[in-house]
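The values are calculated or read from the model by the stated rules, or taken from the named source; none is laboratory data. Computed from a predicted structure; not experimentally measured. Glycine gets a Cβ as well: all are built from the backbone with ideal geometry, and neighbour counts include every protein chain shown.
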Amino acid sequence: MKDTSINYELEKNLEVINQIDDLVGETVDNVLVDPDECWQPTDFLPIMGDPGAFDEVKLLQERAAGIPDTIITSLIGNMITEEALPSYQTYFNLLEGVNPDGSLTSERGWVRWSKAWTAEENRHGDLLNKYLYLSGRADMKKVEQTIHRLIYNGFDPKSDKDPYQAIIYTSFQERATKVSHVNTGKLADKAGDIVLARICKTIAGDEARHEKAYKSFMSRILEIDPNGGVLAFEKMMRKQIVMPAVLMAEGGKNPTLFDQFSAITQKIGVYTGWDYARIIDHLVKLWDIENITGLDGAAAKAQEYLAGLSSRYMRLADRMKTPDEISLAWLK
């Protein structure tokens with residue numbers, strides 16, 4: 001026997017997703033940048049056909065030589081995450097109600113968003129990949145194998161094809177990647193590589209725009225369907241946010257590779273348990289979860305759970321030990 005409550009919930013979610021399609025289309029036009037106006041990796045790196053390009057590469061390598069191995073390893077992990085974009089666009093277009101016609105040339109707002117958003121994101125992996133290649137600090141064969149395996153394995157954020165949960169996931173994840181790039185940039189600047197610091201700051205700026213857009217989509221969903229929105233938020237947080245690159249080593253020779261990467265980001269302060277807790281706190285306050293009124297029984301319980309969640313994770317972060325020993329990957 002089919003669960004009619006689940007079917008009804010999905011139908012209601014699809015109605016809301018259709019209702020805000022125009023808002024999403026407007027966001028493509030007003031928040032994202034025309035491809036002819038966007039920055040590109042060549043704005044930051046030597047143009048290899050220009051006179052003096054090899055001198056610029058030498059300077060790049062001199063700057064990169066002073067960056068600690070832990071920061072380079074963290075940067076590589078961030079880059080690998082960004083390079084798995086084919087999976088992210090595919091995932092977004094498989095969400096219920098986003099692309100019902102299965103057309104990637106559709107003028108539907110959600111489809112336009114999925115293409116324009118991932119097109120902007122695609123430059124991040126390109127830029128970091130080329131920087132690392134020119135720096136001479138990474139074992140690029142190992143890096144390329146990890147990227148290959150991550151795309152090979154796919155991407156599952158555990159959102160059950162539910163667009164509400166997916167938008168909560170992306171709201172969280174865009175903020176998390178922004179934090180990671182900002183902190184990496186600060187460490188690069190401290191290590192003396194001002195160009196890498198500018199690269200990280202620029203990428204973080206993109207993530208901030210994308211984060212703002214996704215949060216605005218969820219804000220509108222909560223206005224229209226507060227019960228459904230709060231329940232989706234609770235579901236996503238009970239499962240915990242899975243990082244996009246979690247499958248980077250599944251089935252490979254080094255199955256603990258993602259855990260090694262996570263330990264490094266925790267140890268050097270690029271992305272920590274405290275950051276996870278702070279992002280929950282930010283979203284709960286931004287969407288004013290605690291003050292939503294008129295919720296039904298299940299949603300009211302979800303509201304109570306969400307209200308205390310960031311404090312719970314902050315206590316966990318306080319007890320979390322910084323790894324004493326870490327394994328470095330992808331280095332020459």
- Tell me, which residue of the stretch 9-35 that is free of Cβ contacts under 8 Å to residues at least 12 places away in the same chain and within 22 Å of the chain's Cα centre (by Cα) is nearest to Asn122 (Cα to Cα)? Asp34
- Message: Can you list the helices (runs of 4 or more DSSP H) lying wholly within the stretch 132-225 that have 3 or more residues being in contact (Cβ under 8 Å) with a residue 12 or more places away in the chain, in contact with a strand residue (DSSP E or B) (Cβ under 6 Å, 6 or more places away or on another chain) and under 30 Å from Asn291 (Cα atoms)?
- Response: none
- Item | Verdict on Lys212 being under 21 Å from Lys285 (Cα atoms) and surrounded by fewer than 17 Cβ atoms within 10 Å (Cβ to Cβ) | yes
- Item | Where Val182 falls short, out of the listed (1) modelled with pLDDT of 95 or more; (2) within 28 Å of Asn93 (Cα to Cα) | (2)
- Message: I'd like to check something: does the stretch 13-32 contain any residue that is of a type in the set (S, T, N, Q) and touching a Phe, Trp or Tyr at 6+ places or on another chain (Cβ under 8 Å)?
- Response: yes
- Message: When you scan the stretch 27-45, do you find a residue that is surrounded by fewer than 17 Cβ atoms within 10 Å (Cβ to Cβ), touching a helix residue (DSSP H, G or I) at 6+ places or on another chain (Cβ under 8 Å) and among the charged types (D, E, K, R), even just one?
- Response: no
- Of the candidates Leu32, Leu45, the one satisfying the condition of being of a type outside the set (S, T, N, Q) and under 24 Å from Glu211 (Cβ atoms) is Leu32
- Only one residue in Glu56, Glu62, Glu82 is buried (at least 19 other Cβ atoms within 10 Å of the Cβ), at pLDDT 95 or above and either assigned to a helix (DSSP H, G or I) or in contact with a Gly (Cβ under 6 Å, 6 or more places away or on another chain) (or both), so which one is that? Glu82
- Item | Tally of residues being modelled with pLDDT of 95 or more and either assigned to a loop (DSSP other than H, G, I, E, B) or touching a Lys or Arg at 6+ places or on another chain (Cβ under 6 Å) (or both) across the stretch 104-131 | 4
- Total residues in the stretch 77-117, condition among the aliphatic types (A, V, I, L, M) and within 15 Å of the chain's Cα centre (by Cα): 4
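Here's the yes/no breakdown for (1) over 30 Å from Leu187 (Cα atoms); (2) in contact (Cβ under 8 Å) with a residue 40 or more places away in the chain; (3) among the basic types (Lys, Arg); (4) in contact with a helix residue (DSSP H, G or I) (Cβ under 9 Å, 6 or more places away or on another chain):
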residue: Glu234; (1), (2), (3), (4): yes, yes, no, yes
residue: Ala249; (1), (2), (3), (4): no, yes, no, yes
residue: Ala263; (1), (2), (3), (4): no, yes, no, no
residue: Tyr276; (1), (2), (3), (4): no, yes, no, yes
residue: Gly294; (1), (2), (3), (4): yes, yes, no, yes
residue: Ala302; (1), (2), (3), (4): yes, yes, no, yes
residue: Leu316; (1), (2), (3), (4): no, yes, no, yes
residue: Pro323; (1), (2), (3), (4): no, yes, no, yes
residue: Leu331; (1), (2), (3), (4): no, yes, no, yes
- Task: Taking Arg175 as meeting all but one of (1) basic (Lys, Arg); (2) out of contact with any Asp or Glu (no Cβ under 7 Å at 6 or more places or on another chain); (3) modelled with pLDDT of 95 or more, write down the number of the exception.
- Result: (2)
- Quickly run through the stretch 250-262 and pick out the residues that are more than 18 Å from the chain's Cα centre (by Cα) and either closer than 21 Å to Tyr313 by Cα or assigned to a loop (DSSP other than H, G, I, E, B) (or both). Glu250, Gly251, Gly252, Lys253, Asn254, Pro255, Thr256
